[in-house]
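Below is one structure, written out as structure tokens; comments come after it.
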């Protein structure tokens, strides 16, 4: 090691999904290198999907993540339906949004209460925090359970749902199943609002970055499963144009691919902070009213405000879910019929952690011949490293334990799902 050179390592990040670490190299008081090291083995899902039937594809992609399987199923279903040139009914579309509400609820409730709140309150885990914040932790578990209930009814089970199909669902939910949730979801809405007020009162580090925000934007609704891919600098494109604007690249220290914009060469930010920043006026009435109370200006350039953005989306998900649960959805065909045909289809939806892109090529017999999946965490990796580099340059470099803790907390602001991001590894063979 060179003179005056120091390295700081976090061998294993905690309170994130998947396996990764941090590496910081300093020379004197200068930051020389910052790496988010993702070392979880690649899972090669694109290759696994080749030769699979379309309905098998929907089930397989649900296994990419145990926290956000609905996002993978919805992006896949929409992309395959575009390849087949079919359009689902309005009722199926609405129930798909309800299913998405369930996923946002269970994912955001878990992250806010058990994964990220301990950073602001000085605890090393949700379990240790529960000794002093028992009511808040129990509230988070109750909210997560309500989200799981929606996944169970609409998806067939709470983990890796099996009821989603190309063209709709295999089974239409019974009206009484949905009506039975109304009372609990009304209480859940109040609990979600209390949660958001609670986290908005945390003391946030004074850290800001010039973000290029990227999210879906829809003219009539808060984005979950539809909209144009939009940026804070005025870009508006369809999902089919994703690969012309965004490019993936591989770096030696990560088994997940990085992304940046071809037009600018810069990293960008996806996720709740970007969604709220670009879609504040599309939040539900309860969420919009609450946003006006909290004293945070949107769009925010402070990544630690992501926990508040998740709280607002938690409120929105309960508010929208209640509207749907109170509606009338009589029994009807649960799927739009379709026939195999060759084609290419692309789609993007908003996973809890951000924009999720899928593209599929299918043959005339109804089998996948090629697949491309770009998860939100891999899209955020370059921006996370840029944030870490800026943060480290502002901190006291002599207190290495505190420095490591602050870096971990910043990474958790993104709620990274490392297991999702390591779905692919490019192999290059050189022969001499």
>> For segment 50-66: of the residues being assigned to a helix (DSSP H, G or I) and more than 22 Å from the chain's Cα centre (by Cα), which is surrounded by the fewest Cβ atoms within 10 Å (Cβ to Cβ)?
In response: 56
>> Considering only residues that are touching a helix residue (DSSP H, G or I) at 6+ places or on another chain (Cβ under 6 Å), closer than 15 Å to residue 68 by Cα and either in a helix (DSSP H, G or I) or modelled with pLDDT of 95 or more (or both), which ones fall in segment 356-377?
In response: 356, 357, 358, 377
>> Cβ-Cβ distance below 8 Å, separation of 6 or more or different chains: which pairs start in segment 110-138 with a residue that is on the phi > 0 side of the Ramachandran plot and end on one that is surrounded by fewer than 17 Cβ atoms within 10 Å (Cβ to Cβ) and in a helix (DSSP H, G or I)?
In response: none
>> residue 306 - would you say it is under 19 Å from the mean Cα position of the chain (by Cα) and assigned to a loop (DSSP other than H, G, I, E, B)?
In response: no
> Taking segment 225-237 on its own, how many of its residues are in contact with a strand residue (DSSP E or B) (Cβ under 6 Å, 6 or more places away or on another chain) and either part of a strand (DSSP E or B) or modelled with pLDDT of 95 or more (or both)?
Replying inline: 8
>> Residues that are under 18 Å from residue 201 (Cβ atoms) and surrounded by fewer than 21 Cβ atoms within 10 Å (Cβ to Cβ): does segment 299-319 have at least one?
In response: yes
> Which one of 33, 46, 106 is free of Cβ contacts under 8 Å to residues at least 60 places away in the same chain, farther than 25 Å from residue 323 by Cβ and outside any loop (DSSP other than H, G, I, E, B)?
Replying inline: 33
> Restricting the first residue to segment 272-294 and requiring it to be at negative phi and outside any helix (DSSP H, G or I), which pairs with a second residue that is modelled with pLDDT under 95 and surrounded by 20 or more Cβ atoms within 10 Å (Cβ to Cβ) meet a Cβ separation below 7 Å and a spacing of at least six or different chains?
Replying inline: none
>> Can you tell me which condition residue 115 does not meet? The list is (1) in a helix (DSSP H, G or I); (2) at pLDDT below 95; (3) more than 23 Å from residue 352 (Cα to Cα), and all the others hold.
In response: (3)
> For segment 175-196, how many residues are touching a residue at least 60 places away in the same chain (Cβ under 8 Å) and more than 19 Å from the chain's Cα centre (by Cα)?
Replying inline: 11
> How about segment 143-164: which of its residues are part of a loop (DSSP other than H, G, I, E, B), surrounded by fewer than 20 Cβ atoms within 10 Å (Cβ to Cβ) and over 18 Å from the mean Cα position of the chain (by Cα)?
Replying inline: 156, 157, 162
> Can you find a residue in segment 207-217 that is surrounded by 15 or more Cβ atoms within 10 Å (Cβ to Cβ) and under 16 Å from residue 287 (Cα atoms)?
Replying inline: no
> Just a yes or no: is a residue in segment 197-213 under 21 Å from the mean Cα position of the chain (by Cα) and more than 30 Å from residue 394 (Cβ to Cβ)?
Replying inline: no
>> With the requirement that a residue be surrounded by 15 or more Cβ atoms within 10 Å (Cβ to Cβ) and assigned to a helix (DSSP H, G or I), what does segment 243-271 give you?
In response: 243, 245
> Any idea which of (1) touching a strand residue (DSSP E or B) at 6+ places or on another chain (Cβ under 9 Å); (2) touching a residue at least 24 places away in the same chain (Cβ under 8 Å); (3) more than 20 Å from residue 308 (Cβ to Cβ) is the one residue 214 doesn't satisfy?
Replying inline: (3)
> So which residues in segment 1-28 are at positive phi and either modelled with pLDDT of 70 or more or touching a helix residue (DSSP H, G or I) at 6+ places or on another chain (Cβ under 8 Å) (or both), if there are any at all?
Replying inline: 15, 18, 28
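The values are calculated or read from the model by the stated rules, or taken from the named source; none is laboratory data. Owing to the predicted nature of the structure, the values given are computational and were not obtained by experimental measurement. Here Cβ is always computed from backbone atoms with ideal geometry, including for glycine, and neighbour counts include all displayed protein chains.
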